[in-house]
Amino acid sequence: MSANHDDRHHSPDPHGRALRLGVGGPVGSGKTALVAALCRTLGPVLRLGVVTNDIYTTEDADFLRRAGVLDPERIVAVQTGCCPHTAIRDDIAANIDAVETLEERFGPLDLVIVESGGDNLTATFSRGLADQQIFVLDVSGGDKVPRKGGPGVTSADLLVINKTDLAKHVGADLTVMSRDAAAVRDGKPVLFTSIREVPEVYSVAEWVHGVVQSWAHTQAHHPHGPVVPTANA
Amino acid sequence: MDAALLLLADSRLPAGGHAHSGGAEQAVRAGAITGTEDLARFLRGRLATTGLVTAALSAAACHLAVLLGSHGEDGGRPWTEPSAAAAAESETDARAAWRELDAEADARTASPAQRYAARTQGRLLLRSGRRIWPSPVLDTLAQAVPDGVHHPIALGAVAAAAGCSRHDAAMAAAYTSITGPATAAVRLLGLDPVVVHRVLAGLVPDLSGVARTATAAASGTVEAGVAARGTAAEAVLRIAWEELPAHAAPALDLLAEQHLRTEVRLFVS
Amino acid sequence: MGVTTGGTTEVTPVQAIGAAPVRGGTGRRALFARAAVATALSGGRTVLDTLRSAPPLTLRQTGPGTVHLVATAAGPLGGDDLGLSIDVAPGTVLTIASVASTLVLPGPEESAESVLVVDARVGAGATLVYAPEPTVLAAGCAHRMVVRLTLEEGASVSWREEIVFGRHGERPGRCHARFDTTAGGVPLLRQEFVVGDPAVDASPAVYGDARCVGTTLLAGPAFGTPPGEAVISAGCAVLPLAGQGTLVSALAPDAPTLRARLTWGETQILPA
Ligand SMILES: Nc1nc2c(ncn2[C@@H]2O[C@H](COP(=O)(O)OP(=O)(O)O)[C@@H](O)[C@H]2O)c(=O)[nH]1
Ligand SMILES: [Mg+2]
């Protein structure tokens, strides 16, 4: 029996759905700020949905709703029972449910961003949940963090090192961070940002827009495939 | 016991269970659980009430799934004929049978917060269950209750798809009715996990008793239905599910509603 | 058959068959009794078509469409087998109350349960208010209570049950109560309350430190519309059911507090 319209339990179909982008990284590194920035910059050109995994309450979701960057209904909060990494890696069921609910209600969508509740450097998204993932570090943790590596730093599709405006205050050397990150990341991209100074985060938005376009291209033949406008982001 | 029961009852089953505390988070906040002794009492009471009811619903759902899924095999569903119309009719009947059992779960769940938690967990479990143990019976169930069936019903149906017995299904429901809150209390209060597991070990006789009682209740109900109505076809549609246990836990209802209205919470329920 | 159509009439019990004539501590033997009340519509008014008492279940009409249960013997006692049938005819209105609380006592034989089965049918467009005083579980009692409530299309009901765990400072005996309500053939509420296993009773998941549990089921057009979502206060939850109806559920340290909580909860239902 195949999935039909009144069947909300259908197994994730790898074709004809939005790109799922995971945004992970330690607490306070700027994940929510980045999600807000992406919504602001990409909102006019992409059909978006956001899932937050708040550790407490629905703080991140509320922040995003208040920021007015996206229709509040398109922001869904998922509770993770003290275990934010479980919700993005070992038991992704609640996040999948939230993503699919957004797609059903507002679909077709081009991009659904899932923000992790924030965890240590070992936390990464399951490939069953995120097609692409961004790991967000900030400079205030010191310039040794990229060298220490960890799955988030080494394997994320994009590493964002945020709060460059604070580098001088905390004595972090951005060239060291850049070199160390490149060494452990096997050529995968690293972007430096200061969301405080450049709230549009053009560089990250451009990268995201690129991966959404290639995602759409890989499933262009699917009858329900999303259509991504090609306007300049 | 079927080995699949181990997979089904494992807290690592990716079905969203880890985010539910079964009232434990609110009980901790209210000061009703402060340590392992309170926790033991909480779990014992939960098992004797919600645990028994969900175990019976789970066993019943497992039974129903087997009845509905038995067409094609040894004689099959008596009302199944090889015509498309008959197949569609039996599909409609099957959906109606699932909705009836789901309505029984609703009638046993007075608290809207508890119904919401049960349906959310049921939807997540069924989604994962269908990918792990694909089965037409699970597809029918998903279509019968598209917003999410009550968790114990999903559990029983998935148990059947996994090849588990009714007793296994009841055991899985009884077991998860106490392990979820126990784990939540470990995380929330920093309790010694070994001591908490000793508490759980102390509840093993109760667990076995609940699973036995629940299975007997479900089997008795279905068999009475079959005996009274002659054919499985009629029985499936008119099983006297009302006979299943309906033990209330008024404190859990209160905790569930308070939890939903608390701003800072780590668990869904 | 005792038929009354108005005024206060005590109806002679027509059926009070003594069971095994064993004398207990309260000085009476176990009883088998079937009491019944049924309404009919007569000239647009509710009249009592049947009012049949059977000690210890004695029914008295105390007003038009109002019946009180009065205690004419101690108990229920272990070994008693009691049945009450209530039939509210379509379009009629019936209120059932009681004069005093019911004290459930152990019988002469330790193991013998007392059993009370209440079967109630509320016809289309009819209204039943069932609000007896609390059931108090005395030490050593073993009580079984079964309520089967059938609501027909457009029927209204307000059904209150209060269970008190023992007299003052007393440990309760055992009780197993079951309530089943169907509305238009669909299950609306099914609940069982078990009292008497201290390890379960005192569980923070079940009754915690409460000594009383009570519920009021409100359903049907006469009792307004359920609140859009649950309403809670200390020890009381007003729970909109999945079907058309609301359950007020309360826990309390004592009977007056329980009553106050249930009464508060009942007022949370939006008026008709
Ligand atoms: N100085 C500075 N602060 C930032 C920057 N980006 C975010 N923040 C602040 O860092 C704090 C944590 O950000 P948030 O996005 O909530 O972090 P999350 O926990 O990773 O989601 C907030 O107070 C932000 O305003 C930045 O580029 N520079
Ligand atoms: Mg955040």
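The values are calculated or read from the model by the stated rules, or taken from the named source; none is laboratory data. Note that this is a predicted model, so its numbers are computed, not measured. Glycine gets a Cβ as well: all are built from the backbone with ideal geometry, and neighbour counts include every protein chain shown. With ligands, DNA and RNA removed, areas are computed over all heavy atoms of the protein, side chains included. Shrake-Rupley method; radii C 1.70, N 1.55, O 1.52, S 1.80 Å.
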Problem set entry | Cα-based helix-to-principal-axis angle, A:31-42 vs chain A, degrees rounded to 10 | 60
Problem set entry | Other protein chain Cβ atoms within 10 Å, averaged over every residue that makes up C:191-198 | 4
Exercise. By average Cβ neighbour count within 10 Å, what is the ranking of B:179-190, B:150-161 from highest down?
Worked result: B:150-161, B:179-190
For this session: Mind giving me the nanometre distance, one decimal, between the label points for C:GLU110 and B:ALA96, set 7 Å out from Cα along Cα→Cβ?
Result: 5.2
For this session: Determine the distance separating the Cα centre of the stretch C:156-198 from the Cα centre of the stretch A:148-194; give it in Å without decimals.
Result: 63
Problem set entry | Average silhouette area of the stretch B:103-192, convex hull of alpha-carbon atoms, in square nanometres | 6.8
Exercise. Quick one: which of A:131-138, C:73-80 comes out on top by average Cβ neighbours within 10 Å, and what's the full order, highest first?
Worked result: A:131-138, C:73-80
For this session: May I ask for the Rg/Rh ratio of chain C, computed from Cα atoms with Rh as the Kirkwood radius, given to two decimals?
Result: 0.97
For this session: Under a 10 Å cutoff between Cα atoms, tell me which one of A:ASP90, A:ASP119, A:ASP54 has the largest fluctuation in the Gaussian network model of chain A.
Result: A:ASP90
Problem set entry | Using alpha-carbon coordinates, inclination of helix A:202-218 to the longest axis of chain A, degrees | 40
Exercise. For chain C, what relative contact order do you get, as a whole percent, if you take Cα pairs closer than 8 Å and at least 6 residues apart?
Worked result: 12
For this session: Over the alpha-carbon set of the stretch B:107-253, divide Rg by the Kirkwood Rh and report the Rg/Rh ratio to two decimals.
Result: 0.99
Seminar exercise, completed: Note: the stretch C:35-169 at 20 °C, 1.002 mPa s; Kirkwood Rh on alpha carbon pairs; Stokes-Einstein D in µm²/s works out to 140
Seminar exercise, completed: Computed D for the stretch A:16-218, Stokes-Einstein, Kirkwood radius over alpha-carbon pairs, 37 °C, 0.692 mPa s, to the nearest µm² per second, is 197
Problem set entry | Given charges at beta-carbon only (K, R positive; D, E negative), |dipole| of chain B in Debye | 740
Exercise. In µm²/s, what is D for the protein assembly as shown at 20 °C and 1.002 mPa s, where D = kT/(6 pi eta Rh) by Stokes-Einstein and Rh is the Kirkwood radius from Cα pairs?
Worked result: 74
Exercise. Just counting partner chain Cβ atoms within 10 Å, what average do the residues of peptide B:40-50 show around their Cβ?
Worked result: 6
Exercise. How many times 2.2 N^0.38 Å is the alpha carbon radius of gyration of the stretch C:98-178?
Worked result: 1.27
Exercise. Under a GNM of chain A (C-alpha, springs under 10 Å), which listed residue has the highest mean-square fluctuation: A:THR122, A:THR175, A:THR58?
Worked result: A:THR175
Exercise. If one takes the longest principal axis of the Cα atoms in chain B, at what angle in degrees, from 0 to 90 and to the nearest 10, does the Cα axis of helix B:193-202 lie?
Worked result: 50
Seminar exercise, completed: Rounded to a whole number, the mean other protein chain Cβ count within 10 angstrom for residues of B:255-264 is 4
Seminar exercise, completed: If amide H atoms are modeled at 1.01 Å from N in the peptide plane, then the residues at a separation of 5 or more from C:HIS143, or on another chain, having amide H under 5 Å from its own are C:SER114, C:ARG174, C:CYS175, C:HIS176
Seminar exercise, completed: Non-local residues with an amide H under 5 Å from the amide H of C:ALA54, with H modelled 1.01 Å from N and Pro and chain starts lacking one, are C:LEU59
Exercise. For chain C, modelled as a Gaussian network with Cα springs under 10 Å, which listed residue fluctuates most, C:GLY65, C:GLY44, C:GLY166?
Worked result: C:GLY44
Exercise. Excluding ligands and nucleic acids, what accessible area in Å² is computed for C:VAL186 using a 1.4 Å probe, to the nearest 10?
Worked result: 80
Exercise. What fraction of the Cα pairs in chain B, stated in percent, has a spacing above 25 angstrom?
Worked result: 42
Problem set entry | Accessible solvent surface per residue of the stretch C:26-266, calculated while the other protein chains remain in place, 1.4 angstrom probe, Å² | 35
